[in-house]
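Data first, discussion second: the structure below is written as structure tokens.
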Amino acid sequence: MSPRFAVIVFPGSNCDKDLLWGIKNIAGMNAEFVRHDATDLSGFDAVLIPGGFSYGDYLRCGAIARFSPVMNEVRRFADEGKPVFGTCNGFQILCEAGLLPGALLRNTSLRFVCETAQIEVANNATRFTSKYDPDQLLRLPVAHAEGRYTVTAEELEQLKANNQIAFRYAKGHNPNGSVDDIAGVTNKAGNVLGMMPHPERAVETLLGSDDGLPFFASLIDSLAA
Amino acid sequence: MTSSKNYKVTVYVTYKESVLDPQGQAVKGAISRMGYEGIDSVRIGKYFEIMAHPSDGTTLEETIDAICDKLLANPNMETYRYEIAEAQA
């Protein structure tokens with residue numbers, strides 16, 4: 001039986017269907033929606049947190065979603081070493097929840113960016129990126145207003161020392177002012193990854209790019225190992 | 001504090017000095033274009049008004065500290081301060 005994926009749905013999530021489509025219809029896995037008020041993730045092998053505007057982005061992006069009942073379970077799931085992935089608002093939620101370091105602030109330009117970004121694989125030795133070549137260049141959509149990844153200078157050194165930087169915007173293509181061009185990071189243990197780009201929106205060439213496919217293939221491969 | 005009294009808590013959340021605030025910079029730019037001189041910088045923060053009373057076993061300060069640490073401010077990028085005043089009856 002293939003691994004089971006949970007796609008968390010918060011009030012205001014809007015990329016949940018894209019994520020489910022990618023992992024279920026394209027990658028062929030078992031996957032289902034799990035509501036924000038769920039209190040049980042048993043039976044799932046991986047958790048995917050979608051983009052959107054959970055709780056209207058009130059207070060700070062992801063700040064309210066962090067206190068949804070399901071997040072207690074997501075935290076326990078992550079503490080057990082199981083894979084948790086968050087894209088866009090999902091990344092913001094994981095930072096707010098303290099499952100990933102740093103915070104995502106308003107883009108330096110103050111504009112909502114919606115474009116196909118040039119992304120560089122900064123570390124292909126993670127369970128989310130193993131199917132990419134080192135330094136491979138990807139075309140992945142970004143769509144956000146609060147994507148400026150921010151950490152302290154000391155935290156940045158730790159991220160580098162622990163190889164936690166998984167994706168960077170290609171030189172000269174930083175769309176939001178993120179420190180060190182960071183587009184995606186993992187936690188220290190490597191089982192939680194957050195990124196602003198949307199790999200789930202890049203799984204069919206018909207829609208512009210399938211550079212997101214190896215991302216999901218890596219994750220699936222890591223579950224089989 | 002006795003639990004019979006009600007208080008108004010005002011909380012101010014601001015970005016740490018090291019954090020870039022492009023919205024504040026945009027506001028400062030507008031002020032400059034208005035022709036006012038002598039404005040050196042603008043930083044935007046958040047302001048909360050909370051009506052509260054101490055609950056059994058905890059002081060109001062303890063409760064407000066916890067709420068600020070966990071929710072109102074993100075300690076990664078923000079700091080907070082607050083004032084507690086007796087509410088008008």
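If I go through region A:40-70 residue by residue, how many of them are within 14 Å of chain B (Cβ to nearest Cβ) and outside any loop (DSSP other than H, G, I, E, B)?
Of the residues in that region, 5 qualify.
Given the criterion closer than 22 Å to A:G190 by Cβ and touching an Asp or Glu at 6+ places or on another chain (Cβ under 8 Å), identify the matching residue among A:E73, A:E96.
Selected residue: A:E73, the only one of A:E73, A:E96 that is closer than 22 Å to A:G190 by Cβ and touching an Asp or Glu at 6+ places or on another chain (Cβ under 8 Å).
Among A:E73, A:E96, A:E80, which is the only one that is in contact with a helix residue (DSSP H, G or I) (Cβ under 6 Å, 6 or more places away or on another chain) and of a type in the set (D, E)?
Residue meeting the stated conditions: A:E96.
Scan region A:189-219 for residues that are on the phi > 0 side of the Ramachandran plot and surrounded by fewer than 18 Cβ atoms within 10 Å (Cβ to Cβ) and report the count.
Total satisfying the criteria: 1.
Taking region A:189-225, which residues are at pLDDT below 95, within 24 Å of A:G52 (Cβ to Cβ) and assigned to a loop (DSSP other than H, G, I, E, B)?
Of everything in region A:189-225, just one residue is at pLDDT below 95, within 24 Å of A:G52 (Cβ to Cβ) and assigned to a loop (DSSP other than H, G, I, E, B), namely A:G208.
Where residues in region A:30-61 are under 17 Å from A:G86 (Cβ atoms) and of a type in the set (D, E), which of them is surrounded by the most Cβ atoms within 10 Å (Cβ to Cβ)?
Per the criteria, the residue is A:D45.
If you take the residues of region A:1-26 that are hydrophobic (A, V, I, L, M, F, W, C), in a loop (DSSP other than H, G, I, E, B) and modelled with pLDDT of 95 or more, which of them is farthest from A:G194 (Cα to Cα)?
A:F10
Would you pick out the residues in region A:62-72 that are surrounded by fewer than 23 Cβ atoms within 10 Å (Cβ to Cβ) and closer than 12 Å to A:S13 by Cβ?
Of everything in region A:62-72, just one residue is surrounded by fewer than 23 Cβ atoms within 10 Å (Cβ to Cβ) and closer than 12 Å to A:S13 by Cβ, namely A:S68.
Of the residues that sit in region B:40-89 and are part of a loop (DSSP other than H, G, I, E, B) and of a type in the set (D, E, K, R), which one is nearest to the other protein chains (Cβ to nearest Cβ)?
B:R43
Have a look at B:E61, B:E49 and point out the one that is more than 22 Å from A:R148 (Cα to Cα) and exposed (fewer than 10 other Cβ atoms within 10 Å of the Cβ).
Criteria check complete, one pass: B:E49.
Is there a residue in region B:11-31 that is surrounded by 14 or more Cβ atoms within 10 Å (Cβ to Cβ), without any contact (Cβ under 8 Å) to a residue 60 or more places away in the chain, of a type in the set (F, W, Y) and closer than 28 Å to A:A65 by Cα?
Looking through region B:11-31, none of the residues is surrounded by 14 or more Cβ atoms within 10 Å (Cβ to Cβ), without any contact (Cβ under 8 Å) to a residue 60 or more places away in the chain, of a type in the set (F, W, Y) and closer than 28 Å to A:A65 by Cα.
Please specify each residue of region A:113-135 satisfying the condition of being farther than 18 Å from B:L20 by Cβ and either of a type in the set (F, W, Y) or within 14 Å of another protein chain (Cβ to nearest Cβ) (or both).
A:F128, A:Y132
Which number in (1) at pLDDT below 95; (2) under 22 Å from B:A73 (Cα atoms) marks the one condition that A:M71 misses?
So A:M71 meets the others, but not (1).
The values are calculated or read from the model by the stated rules, or taken from the named source; none is laboratory data. Predicted model only: the values in this text are computed from it and were never measured. Please note: Cβ atoms are built from the backbone with ideal geometry, for glycine as well, and neighbour counts cover all protein chains shown.
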